[in-house]
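The values are calculated or read from the model by the stated rules, or taken from the named source; none is laboratory data. Computed from a predicted structure; not experimentally measured. Cβ placement follows ideal geometry from the backbone for every residue including glycine, while neighbour counts extend to all protein chains displayed. Quick note on the areas: whole protein, heavy atoms, side chains included, nothing else; ligands and nucleic acids left out. Shrake-Rupley method; radii C 1.70, N 1.55, O 1.52, S 1.80 Å.
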Amino acid sequence: MDVAVLGVMVPIVALIGTFVMVVYLRKFENLERMSMIEKGIDPTIFRSRQYRNTSVPLRASLLLIGAGVGLLFGYWLDSMTHMEEVAYFSMLFICGGVGLGLSYLIEERKSKEIKP
């Protein structure tokens, strides 16, 4: 098989597979709820799982913001001191770590506000 054909097929198959997986997960979740209703069990236990968890998007967004700022600082260091790859990797890891640390502090403050 040609490399170009394989390079096009892999993302297409991955997207189709992801779509099919989501459809089947929703289908089986609905079947589970219907069987609970038929047996007389209260299906409101599923609503307890529907709270909004914002820690993962917060962590990912601050990590990506830190990585972007790190790449910017790395470019600045490279242009000023001609450090080449060292500047990019060091600033990427330092600023990404700062972003993750900041997300940890925000999550801790939020959890203290929820639990008095």
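Do you know which residues across segment 99-109 are of a type in the set (D, E, K, R) and open to solvent by 80 Å² or more (accessible area, probe 1.4 Å)? Don't jump to the end; show me each part of the working.
Quick first cut of segment 99-109, residues of a type in the set (D, E, K, R) only: 107-109.
Selection gives 109 alone.
Which residue pairs have Cβ atoms closer than 9 Å, lie 6 or more positions apart in sequence or on different chains, and pair a first residue in segment 74-87 that is open to solvent by less than 80 Å² (accessible area, probe 1.4 Å) with a second residue that is of a type in the set (Asp, Glu)?
Short answer, once both residue conditions are applied: 74/85; 78/84; 78/85; 87/78.
Checking the condition within 23 Å of the chain's Cα centre (by Cα), in a helix (DSSP H, G or I) and not aliphatic (A, V, I, L, M), which residue from 35, 79, 103 passes? Even if it seems obvious, please write down each step before you answer.
Numbers: 35 fails: within 23 Å of the chain's Cα centre (by Cα); 79 fails: within 23 Å of the chain's Cα centre (by Cα).
The unique qualifying residue is 103.
Take the residues of segment 88-98 that are farther than 13 Å from residue 65 by Cβ and open to solvent by 80 Å² or more (accessible area, probe 1.4 Å): which is nearest to the chain's Cα centre (by Cα)?
Keep residues of segment 88-98 that are farther than 13 Å from residue 65 by Cβ, which gives 88-91, 93-94.
With open to solvent by 80 Å² or more (accessible area, probe 1.4 Å) added as a condition, the list becomes 89, 93-94.
Numbers: 89: 22, 93: 18, 94: 20 Å.
Applying the filter and picking the extreme gives 93.
Mind listing whichever residues of segment 64-116 are of a type in the set (Val, Ile, Thr) and closer than 16 Å to residue 54 by Cα?
Here is the first cut: in segment 64-116, the residues of a type in the set (Val, Ile, Thr) are 65, 69, 81, 86, 94, 98, 106, 114.
Those that are of a type in the set (Val, Ile, Thr) and closer than 16 Å to residue 54 by Cα: 106, 114.
Consider segment 35-60. How many of its residues are more than 30 Å from residue 99 (Cβ to Cβ) and at pLDDT below 85? Can you show your working first?
Filtering segment 35-60 for residues more than 30 Å from residue 99 (Cβ to Cβ) gives 35-48.
Within this subset, residues satisfying the condition of being at pLDDT below 85 are 41-48.
Within segment 35-60, residues that are more than 30 Å from residue 99 (Cβ to Cβ) and at pLDDT below 85 number 8.
Kindly indicate whether any position in segment 23-32 is at pLDDT 90 or above, assigned to a helix (DSSP H, G or I) and open to solvent by less than 100 Å² (accessible area, probe 1.4 Å). Even if it seems obvious, please write down each step before you answer.
Going through segment 23-32, the residues at pLDDT 90 or above turn out to be 23-28, 31.
Those still in the list that are assigned to a helix (DSSP H, G or I) too: 23-28, 31.
Next, from what is left, pick out any that are open to solvent by less than 100 Å² (accessible area, probe 1.4 Å): 23, 31.
There is at least one residue in segment 23-32 that is at pLDDT 90 or above, assigned to a helix (DSSP H, G or I) and open to solvent by less than 100 Å² (accessible area, probe 1.4 Å).
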